[in-house]
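Supplied in structure tokens, the structure appears directly below.
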Amino acid sequence: MAGAASALFLLDIKGRVLVWRDYRGDVSALQAERFFTKFLEKEGDSDSQDPVVYDNGVTYMFIQHNNVYLMTASRQNCNAASLLLFLHRVVDVFKHYFEELEEESLRDNFVVVYELLDEMMDFGYPQYTEAKILSEFIKTDAYRMEVSQRPPMAVTNAVSWRSEGIHYKKNEVFLDVVESVNILVNSNGQIVRSEVVGALKMRTYLSGMPECKLGLNDRVLLEAQGRSTKGKAIDLDDIKFHQCVRLARFENDRTISFVPPDGAFDLMTYRLSTQVKPLIWVEAQIERHSRSRMEIMVKARSQFKERSTATNVEIELPEYMLRAEFSLPSITAEDIVPERKAPIRVKFEIPYFTVSGIQVRYLKIIEKSGYQALPWVRYITMAGEYELRVM
Amino acid sequence: MSGHDSKYFSTTKKGEIPELKEELNSQYKDKRKDAVKKVIAAMTVGKDVSSLFTDVLNCMQTENLELKKLVYLYLINYAKSQPDLAILAVNTFVKDTQDPNPLIRALAVRTMGCIRVDKITEYLCDPLQRCLKDDDPYVRKTAAICVAKLYDINAELVEDRGFLDALKDLISDNNPMVVANAVAALAEIQDNSSTPIFEITSHTLSKLLTALNECTEWGQVFILDALSKYKAADAREAENIVERVTPRLQHANCAVVLSAVKMILQQMELITSPDVVRNLCKKMAPPLVTLLSAEPEIQYVALRNINLIVQRRPTILAHEIKVFFCKYNDPIYVKMEKLEIMIKLASDRNIDQVLLEFKEYATEVDVDFVRKAVRAIGRCAIKLERAAERCISVLLELIKIKVNYVVQEAIIVIKDIFRRYPNTYESIIATLCESLDTLDEPEAKASMIWIIGEYAERIDNADELLESFLESFPEEPAQVQLQLLTATVVLNNATVETDNPDLRDRAYIYWRLLSTDPEAAKDVVLAEKPVISDDSNQFDSSLLDELLANIATLSSVYHKPPETFVTRVRTLQKTEEEEFPEGSEGGYSETSSAHAADNGASPPPTSSTPPYATTKQPAPAAPVPDLLDLMGLDGDGGGDNAVVSVDQPVKTAGPPLPVLLPAASGQGLEISAQMVRRDGQIFYSLMFENNTQTPLDGFMIQFNKNTFGLAAGGPLQVPQVQPGTSERTLLPMVLFQNIAPGPPNSLLQVAVKNNQQPVWYFNDRISLLVLFTEDGRMERTAFLETWKSLPDSNEVSRDIPGIVINNVDATIEQLAPSNMFFIAKRKNANQDVLYLSAKIPRGIPFLIELTAVIGVPGLKCAIKTPNPEMAPLFFEALETVLKS
């Protein structure tokens, strides 16, 4: 079952190698490039293609970011989930370093790119992908010092996401609770699927090694503590935590405890699949009056409480393509069946409101220096994949 | 913090190398550093800068870490091409492994492990030993992986120098990252070794479970993957393990979640308490669902895995079918996989909603997806008898939309529904007939003709309808012609002109039948067809076990066992010096797509095979008409698969093969080949040895018609063969492609050509040994019944002299690997009698009785089979095994 990548390639939009790192010497750049250019040529757009492709004894896995493909090659039965996710992390790291990952930025920074590829993966095994810590000892030209004397402790520490010795004059934490509503409504008005995906997005500006504890109105927790859960507690279907959260502790007593990374990160995400009333209801009637004219009547209705306001509401109607044939003196449009009725898509934001009713009850921050930190909490709900099919 | 490295890519064209050489030797540090960057830039764009080797090497001794890294990078790339000069780097390397800075120590040992040059490797051992015990965990974690690198280059060295023990010690290291890397290294070494190296005891288990809480996300994946091989002693231990792994399901990293799921599923097999199992299923469902919110590529991997998981544990996601409904913007590969899972989860309870979805998808834009959606409706009809009628009515609604490919696909699936539920839904035939004119795809036409023929009695104008097809008969593809022929026979209307021998033969047979005995004809043509069955749970239990043990890995994505695609060839020096004992180490390239049924189990897709090309395979690259002509073969029908061309090289190694074309007959080209069976598939193992003065390339292969219709199942992949060298390849073979008429014989005529030489012909023999299938074991009772049911005329026996059986069990063991399965034995006076069974494709069984006196030469073999004319081939095969 063990297996690792043979090489990692960064390729341009045509599939030509920009930079590559050979980890095992059993897949050449030539072989990979020949495969991938041919593959792209034949398939046209990569969207329709499986991200895992087998060719000539080699498995290629790739993702696309802007005009760059990131691809691993392997001859073993490697962990596909891990390698594909690793490629996404590589994108994150490059973005942290170069602001944007694209062909240009790779060329402009190829020395650092090589250094990073050497550090993030060894012998095809993912090693370390914390951009912030990496940038403490792999620096771009402008920030480069002579020799850093040792790797940051965090690289090998149990707390691998935070360095020691961080200092802020003012210790603050910002916590945004962001809920996205995904909904799919059939053309007959029936709600096929609805779910809420929430994220607790944190920005920490804290000195030292702070211990944090977060309390939510989680029904399981409150019940375990023997508190009343009337009306206020919520059930979360699935919770995912940032690696800083102690999972075993959470499993034990539902306490969310952690030493946070410095700066922005997603502390947790959660999912709720209880049926929710669509916050904004849209109906559309499409009438075809003549061969060259059609009318779409759209009715939109908000279904949330008055004290909330939706902002940035956009209702995106499917595009209709009409082919017109010009033959003077009259103009007609061919009768065409719209190829596929794309759904109506809605975007909106509702501040100070969550569908789930999740509440941050407390965020305790304890650091040995004993400073007081200010937590700021905000709530917002927005449309995720909000689709209403039309007749 | 963007850089400006792009300037290094532009150098003056003229005299680039000399210019760089000069700069590399500059007395100024900065200039040297810039020069190395230019060299690396040149290397990056693929220019050969190996001639600057010594000059770059001169820059290696530097305090500047960045420059050092660049020089190291250069060495990784070019050391192999300059092994004699690479030795010059050794001193600096060794010195660096003792540098006070742990970054430099780790960098040196990491880089040395990447340089596959013997002379460097020799010098790696001492520093590696030191680094494995370094004070700094960063160095130790790097050294741990380096042991795996060294093992890959020279396994013996690792064993002799005690690195394995040192590595095992690191499992108890106090640093979690070191532990994780040691586990990854050990797991890989174990994978490549036949002796037990990394055995997880309950003691290591508990250590690793503890480390799990502390190491990085990637390290957690290494540990979970390694631990999933651990077999708990009993249900209690299994429960304990599961308890410590379940918190991982809450990890934000999807790979951690999937590996945790794998481990839980493995342990669940041992857990007996239904409550615990139910509880675990409940716990795993939400994380599995959440995987569908990940990046699309991860979703794809997750979906391929969920497909397997629901086959073993259907209850896990039984209530979650809605999360698999396709979103409009899902990439097509995600939609395709969701569809598969929807079919698997479809039940009487949710079918109405599912059908509504399928209908929605059938109006999408992507043709492949639409077709798959239509097929999905058909598969649900076949799976759920009570919903069949609703499925049909949805199909009829879709036909009314009159989108050409939807109609055709619908007709195809309706034919299957008719076969599954005969005489139930003929009332819709009239509606189907309205679409007759729009059909232009062979499969759809053939399906429609089948329906007309089958229900001819109930269609007033069946003859007219068929006649309209007959008008275009000569232009139709064979598939349609055959179906048309069968259908017309049903209507007593068989007079045809054609060039296709298969077609003509069948026509003549029908015609004769009709003219002599119309009743018999009816029996043949209207005979019962095998019933179509539900294929939504398609894997047999043992394969499913294996795939589930490989969750998250490529094996679970391909739905194939690892050995079918892993081609990791151990280091070059090994393959050259040693013969692989069973050829088991030599990977092979799995390229066959000919047997890729459209049942959701997509094989490793090759670059030439889009995975969702439904049942049609793309035409193989560049046909070779001259070869065809020379062989005098029909180039149509199944023959398509037999014409193949060279694409890209693949290296394999294996045991010596019999020489079939001696160099003397092949103008210096020697070809050795043998048919082999591996993992239920037949391969032609070939070796090409070039004794000419010129490189040979463009190899192609063609097989003449033969008894079993063996033909190439993919392109012959041979790289250019340099003079004085040889190349091996494994060619996947398919059966029943171009069957030679006449009594069975073992002759296989092969033609091989290349771009430099004329076509070479040689003969090989097909041994039944490669044809005996893995499912040839018969139950005792079935054996007796079959034996009785076959007439005595089907029994053939022969004495095989010169064979001595000294031990019955040894003989049984000798036969088992060739798929001849032992059933029973008895004593008859001083004789031992053995009963065995074997089976060749198309389900032809051989019932075998071996009689011998222990220790006395001479063996009597009697067989009974529906195909007694195969007997000589069978005896030949048996003799081969027993004499080997």
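Suppose we filter region B:361-406 for residues that are within 14 Å of chain A (Cβ to nearest Cβ), assigned to a helix (DSSP H, G or I) and aliphatic (A, V, I, L, M); how many remain?
Count: 6.
Of all residues in region B:217-253, how many are within 19 Å of residue A:269 (Cβ to Cβ) and touching a strand residue (DSSP E or B) at 6+ places or on another chain (Cβ under 9 Å)?
From region B:217-253, those within 19 Å of residue A:269 (Cβ to Cβ) are B:217, B:220, B:246-253; that's our starting set.
Now narrow it down to the ones that are touching a strand residue (DSSP E or B) at 6+ places or on another chain (Cβ under 9 Å): B:217, B:220, B:249-253.
Total meeting the criteria: 7.
Condition check ((1) closer than 30 Å to residue A:191 by Cβ; (2) crowded, with 21+ Cβ neighbours inside 10 Å; (3) modelled with pLDDT under 95; (4) of a type outside the set (A, V, I, L, M, F, W, C)) across all residues:
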residue: B:260; (1), (2), (3), (4): no, yes, no, no
residue: B:273; (1), (2), (3), (4): no, no, yes, yes
residue: B:288; (1), (2), (3), (4): yes, yes, no, no
residue: B:296; (1), (2), (3), (4): yes, no, no, yes
residue: B:304; (1), (2), (3), (4): yes, yes, no, yes
residue: B:313; (1), (2), (3), (4): yes, no, yes, yes
residue: B:322; (1), (2), (3), (4): yes, no, yes, yes
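Oh, and also: For region B:82-142, list the helices (runs of 4 or more DSSP H) that sit wholly inside it and hold at least 3 residues that are away from chain A (no Cβ under 12 Å); which are they?
On the way: elements: B:83-86, B:90-96, B:102-114, B:118-132.
Result: B:83-86, B:90-96, B:118-132.
Further, regarding this structure: Out of A:88, A:96, which single residue is assigned by TED's automatic domain parsing to the domain that holds residue A:29, surrounded by fewer than 23 Cβ atoms within 10 Å (Cβ to Cβ) and within 29 Å of residue B:191 (Cβ to Cβ)?
Matching residue, one of A:88, A:96: A:88.
For the condition in contact with a Pro (Cβ under 8 Å, 6 or more places away or on another chain), under 22 Å from residue B:866 (Cα atoms) and among the hydroxyl-bearing types (Ser, Thr, Tyr), what is the one hit in B:773, B:781?
B:773
Turning to a different aspect of this structure: Just to be sure, is residue A:303 more than 32 Å from the chain's Cα centre (by Cα) and either within 30 Å of residue A:354 (Cα to Cα) or at pLDDT below 90 (or both)? Working first, answer last.
Values: more than 32 Å from the chain's Cα centre (by Cα): no; either within 30 Å of residue A:354 (Cα to Cα) or at pLDDT below 90 (or both): yes.
Spelling it out, it is not the case that residue A:303 is more than 32 Å from the chain's Cα centre (by Cα) and either within 30 Å of residue A:354 (Cα to Cα) or at pLDDT below 90 (or both).
Now a separate question. Among (1) away from chain B (no Cβ under 14 Å); (2) out of contact with any Phe, Trp or Tyr (no Cβ under 8 Å at 6 or more places or on another chain); (3) farther than 30 Å from residue B:174 by Cα; (4) surrounded by 18 or more Cβ atoms within 10 Å (Cβ to Cβ), which single condition is residue A:195 missing?
The failed condition is (1).
When only residues in region B:324-351 that are in contact with a Ser or Thr (Cβ under 8 Å, 6 or more places away or on another chain) and not in a loop (DSSP other than H, G, I, E, B) count, which is surrounded by the fewest Cβ atoms within 10 Å (Cβ to Cβ)?
Ranking the candidates gives B:332 first.
Quick check on my filter: what residues within region A:64-76 are of a type outside the set (Ser, Thr, Tyr) and either over 24 Å from residue A:103 (Cβ atoms) or facing chain B (nearest Cβ under 7 Å) (or both)?
If the condition is that a residue be of a type outside the set (Ser, Thr, Tyr) and either over 24 Å from residue A:103 (Cβ atoms) or facing chain B (nearest Cβ under 7 Å) (or both), then A:75, A:76 are the ones that fit.
Yes/no per residue for (1) surrounded by fewer than 21 Cβ atoms within 10 Å (Cβ to Cβ); (2) under 16 Å from residue A:155 (Cα atoms); (3) of a type in the set (A, V, I, L, M); (4) without any contact (Cβ under 8 Å) to a residue 24 or more places away in the chain:
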{"position": "B:109", "(1), (2), (3), (4)": "no, no, yes, no"}
{"position": "B:113", "(1), (2), (3), (4)": "no, no, no, no"}
{"position": "B:120", "(1), (2), (3), (4)": "no, no, yes, no"}
{"position": "B:142", "(1), (2), (3), (4)": "no, yes, no, no"}
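Six or more apart or on different chains, Cβ under 6 Å: which pairs go from a residue in region A:52-63 that's within 7 Å of chain B (Cβ to nearest Cβ) and farther than 18 Å from residue B:715 by Cβ to one that's of a type in the set (Val, Ile, Thr) and not in a strand (DSSP E or B)? Could you list them?
A:52/B:557
Need a quick list: strands (runs of 3 or more DSSP E) entirely within region B:774-853 having at least 2 residues that are surrounded by fewer than 17 Cβ atoms within 10 Å (Cβ to Cβ), among the hydrophobic types (A, V, I, L, M, F, W, C) and at negative phi.
Filter on region B:774-853 gives B:844-853.
Going by the structure shown, is residue A:41 more than 7 Å from chain B (Cβ to nearest Cβ) and not aliphatic (A, V, I, L, M)?
yes
Being facing chain A (nearest Cβ under 8 Å), surrounded by 20 or more Cβ atoms within 10 Å (Cβ to Cβ) and of a type in the set (Asp, Glu), is that true of even one residue in region B:206-215?
The answer is no; no qualifying residue exists.
Could you run through region A:8-45 and say how many residues are out of contact with any helix residue (DSSP H, G or I) (no Cβ under 7 Å at 6 or more places or on another chain), among the small types (Gly, Ala, Ser) and closer than 25 Å to residue B:717 by Cα?
4
Let me ask something additional. Residue B:749 - would you say it is closer than 30 Å to residue B:722 by Cβ and in a loop (DSSP other than H, G, I, E, B)? Steps first, answer last, please.
Values: closer than 30 Å to residue B:722 by Cβ: yes; in a loop (DSSP other than H, G, I, E, B): no.
So residue B:749 fails the test.
Related question: Got at least one residue in region B:81-98 being modelled with pLDDT under 95, crowded, with 23+ Cβ neighbours inside 10 Å and within 28 Å of residue A:30 (Cα to Cα)?
Yes.
Please give the number of the condition residue A:145 fails out of (1) more than 7 Å from chain B (Cβ to nearest Cβ); (2) modelled with pLDDT of 85 or more; (3) surrounded by fewer than 22 Cβ atoms within 10 Å (Cβ to Cβ); (4) at negative phi.
Condition (2) is where residue A:145 drops out.
Only residues that are in a strand (DSSP E or B) and touching a Leu at 6+ places or on another chain (Cβ under 6 Å): list them for region B:759-773, please.
Those that are in a strand (DSSP E or B) and touching a Leu at 6+ places or on another chain (Cβ under 6 Å): B:760, B:762, B:764.
Follow-up question, since we're still on this one. Among (1) surrounded by fewer than 24 Cβ atoms within 10 Å (Cβ to Cβ); (2) within 8 Å of chain A (Cβ to nearest Cβ), which single condition is residue B:233 missing?
(2)
Among the residues that make up region B:38-52, is at least one of them within 12 Å of chain A (Cβ to nearest Cβ), in contact with a helix residue (DSSP H, G or I) (Cβ under 7 Å, 6 or more places away or on another chain), within 25 Å of residue B:98 (Cβ to Cβ) and assigned to a helix (DSSP H, G or I)?
The answer is no, given that none of the residues of region B:38-52 is within 12 Å of chain A (Cβ to nearest Cβ), in contact with a helix residue (DSSP H, G or I) (Cβ under 7 Å, 6 or more places away or on another chain), within 25 Å of residue B:98 (Cβ to Cβ) and assigned to a helix (DSSP H, G or I).
Being closer than 19 Å to residue B:118 by Cα, part of a helix (DSSP H, G or I), more than 10 Å from every other protein chain (Cβ to nearest Cβ) and of a type outside the set (A, V, I, L, M, F, W, C) is the filter here; which residues of region B:143-180 pass it?
Answer for region B:143-180, where residues must be closer than 19 Å to residue B:118 by Cα, part of a helix (DSSP H, G or I), more than 10 Å from every other protein chain (Cβ to nearest Cβ) and of a type outside the set (A, V, I, L, M, F, W, C): B:151, B:156, B:159, B:160.
In addition: For region A:59-82: of the residues being at pLDDT below 95 and farther than 26 Å from residue B:256 by Cβ, which is nearest to the chain's Cα centre (by Cα)?
A:66
Give the residue that is nearest to residue B:175 (Cα to Cα), with candidates limited to residues of region B:187-205 that are away from chain A (no Cβ under 14 Å) and of a type in the set (Gly, Ala, Ser). Before you say what the answer is, go through the steps one by one.
Quick first cut of region B:187-205, residues away from chain A (no Cβ under 14 Å) only: B:194-196, B:199, B:201-205.
Okay, now just the ones that are also of a type in the set (Gly, Ala, Ser), so B:194, B:202.
Working: B:194: 30, B:202: 20 Å.
Out of the qualifying residues, it is B:202.
For region A:95-114, how many residues meet the condition of being assigned to a helix (DSSP H, G or I) and either more than 22 Å from the chain's Cα centre (by Cα) or more than 8 Å from chain B (Cβ to nearest Cβ) (or both)?
So the answer is 12.
So, one more: With the condition kept exactly as written, say whether any residue in region B:403-426 is among the charged types (D, E, K, R) and at pLDDT below 70.
No, there is no match, as no residue in region B:403-426 is among the charged types (D, E, K, R) and at pLDDT below 70.
May I pose another question? Working carefully through the options A:287, A:295, A:314, A:319, find the one that is of a type in the set (Asp, Glu) and modelled with pLDDT of 85 or more. Reasoning before the result, please.
Details: A:287 fails: modelled with pLDDT of 85 or more; A:295 fails: modelled with pLDDT of 85 or more; A:319 fails: modelled with pLDDT of 85 or more.
From the options A:287, A:295, A:314, A:319, the qualifying one is A:314.
The values are calculated or read from the model by the stated rules, or taken from the named source; none is laboratory data. Quick caveat: nothing in here was measured; it's all calculated off a predicted structure. For neighbour counting, all protein chains shown are included, and Cβ atoms are generated from backbone atoms with ideal geometry for every residue, glycine included.
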